[in-house]
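The values are calculated or read from the model by the stated rules, or taken from the named source; none is laboratory data. Computed from a prediction, not measured in an experiment: that's the story for all the values here. Methodologically, a virtual Cβ is constructed for each residue, glycine included, from the backbone with ideal geometry; neighbour enumeration extends over all protein chains shown. Side chains are part of the model used for accessible areas, which takes the heavy atoms of the whole protein and leaves out ligands, DNA and RNA. Shrake-Rupley method; radii C 1.70, N 1.55, O 1.52, S 1.80 Å.
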Amino acid sequence: MGNRPERVGDAIRDELSQLLARDVHDPGVGFITLTTVKVSPDLQLARVYYTTMGDEKARRETSKALGRATAFLRRQVAQRLRLRRAPELQFFYDESVAHTDRIEQILQEIKAEEAARPQASDADAPNDGHAKD
């Protein structure tokens, strides 16, 4: 029973992805990716984490559009998955993806800086007092 919430979460994510792509015609829902769905052990609450393309304004528009579509999405998920009681859907922007992207950007900048620095040759390297064989 321990992994049922996880299985239900995966099924909800799959259904929501299809619904958002095909059935939600709100222009506020831009390019959206559902990263994970965490379902409570009693299957009453589903926390849906997503990312979206665009700036802060686009993110706010997507959040509002998801709010408008929540009741529809909840009904559809319950019907499609044949759940006795439809879990309450809560949508959250997944900050972890943005953090990962920022870290990747910083690492690329560091790599570029290192590549741009003049490389010290072996002759310029400090002698550590050990003779070479």
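Data overview
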| quantity | calculated |
| --- | --- |
| Where E61 falls short, out of the listed (1) touching a Pro at 6+ places or on another chain (Cβ under 9 Å); (2) open to solvent by 30 Å² or more (accessible area, probe 1.4 Å); (3) modelled with pLDDT of 95 or more | (3) |
| Matching residues in the stretch 37-67 - criterion: being under 19 Å from D23 (Cβ atoms) and of a type in the set (V, I, T) | V37, V48, T52, T62 |
| Residues located in the stretch 44-67, provided they are acidic (D, E) and touching a residue at least 12 places away in the same chain (Cβ under 8 Å) | E61 |
| In the stretch 68-88, the residues that are farther than 13 Å from L20 by Cβ, in contact (Cβ under 8 Å) with a residue 12 or more places away in the chain and open to solvent by less than 50 Å² (accessible area, probe 1.4 Å) | L81, L83, A86, P87 |
| Complete set of residues in the stretch 13-58 that are in a loop (DSSP other than H, G, I, E, B), at pLDDT below 90 and open to solvent by less than 70 Å² (accessible area, probe 1.4 Å) | D26, G28, V29, G30, G54 |
